[in-house]
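Report on the structure given below.
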Amino acid sequence: MKVAVTGGAGFIGSHVADEFLAAGYEVVVLDNFSTGKRDNVSAGIRVYDVDITTSALDEVFDQERFDIVSHQAAHMELRVSVEKPVFDAEQNVLGSLRVLEASRRTDVKQVVLASTGGGLYGEQDVVPAPESHPIRPTSPYGTAKRSMELYADYYRRVHGLMTTCLRYTNVYGPRQNPFGEAGVIAIFLEKWLTGTVPVVYGDGSQLRDYVHVGDVAKANLAAVETSTVGEYNISTGRGTSLLTVIDIMREHLQCDTPISFGPAKVGDISESVATSEAFQRATSWRAEVPVENGIASTVEWFVSRHLA
């Protein structure tokens, strides 16, 4: 079967593309390379340089007639979404809608869409949060992702298109872009390796659910191979504090890694942890990479990149 991976030259998308390729699928990447890198795309994968917000997307879908779509392309800067909500919606709402409509029109069997957990649930009433937790986004980014989910639900109910929204928690791992605001592990490693002191905003006690990108890629494949539809958390169910993450990174860097502290950012959530039990029941998938092991391999990747 032929799989399209939008954003397939980016951090998560490239790992998803690799996972489908290893499973024997024909993989085609669609990316505008605004943040993605051609070096992230493995041999054996065809690539289209295309923006999902333009009509060029329709031309690719008409030509390729995909069986499956894994929609990973997104604008992911939360604070930029606050400053430029229209731009964020153009990428995350209208771009996703174009993908869904092109999929419907060309008889795609299933679309798996990358959503967010922390961006939807806000300050949690229950920890870890299930999918039934109240939805109260704290940014236009989270609002756009929820809009995308509602469109996906509409296409499933009205048009019969199989749609699956995967609510990722804090994804980390090799290839993560260290120059945005997302991905504290990548950001801190890049700063340390370039002689810059990273800043901890607040006291570092904030808890996040760090899920390895390899597990996220496997979740995308599992959703397709089990024909699972609906909205699901993709998470470990375990919260890890920022200070603990820093300690693990320091242990594996084995060098002096200073940090500084700054005031907590307005709207920063103290605890963001989700349960993936529903997806585990539906697919038998579970997060397999312990955060200690995942951070170790991420440190190794960043160090090797700087030594190259």
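A few points about this structure:
- Criterion (touching a residue at least 12 places away in the same chain (Cβ under 8 Å), closer than 30 Å to residue 267 by Cα and either buried (at least 18 other Cβ atoms within 10 Å of the Cβ) or touching an Asp or Glu at 6+ places or on another chain (Cβ under 9 Å) (or both)) met by exactly one of 31, 88: 88
- Condition met for residue 172 (among the aromatic types (Phe, Trp, Tyr) and surrounded by fewer than 18 Cβ atoms within 10 Å (Cβ to Cβ)): no
- Among residues of the stretch 191-227, those that are of a type in the set (Ser, Thr, Tyr) and in contact with a strand residue (DSSP E or B) (Cβ under 6 Å, 6 or more places away or on another chain), counted: 3
- Scanning the stretch 289-298 for residues that are within 12 Å of residue 252 (Cα to Cα), within 19 Å of the chain's Cα centre (by Cα) and among the aliphatic types (A, V, I, L, M) yields one hit, 295.
- Checked against (1) among the small types (Gly, Ala, Ser); (2) touching a residue at least 24 places away in the same chain (Cβ under 8 Å); (3) over 26 Å from residue 234 (Cβ atoms), residue 56 passes all but a single condition, namely (2).
- Residue 61 vs. criteria in a helix (DSSP H, G or I) and either more than 23 Å from residue 219 (Cα to Cα) or modelled with pLDDT of 95 or more (or both): yes
- Qualifying residues in the stretch 34-50 (those that are without any contact (Cβ under 8 Å) to a residue 24 or more places away in the chain and in a loop (DSSP other than H, G, I, E, B)) - the one surrounded by the fewest Cβ atoms within 10 Å (Cβ to Cβ): 43
The values are calculated or read from the model by the stated rules, or taken from the named source; none is laboratory data. It should be emphasised that the depicted structure is a prediction, and the values quoted were computed from it without experimental measurement. Positions of Cβ are backbone-derived with ideal geometry, glycine not excepted, and every protein chain shown enters the neighbour counts.
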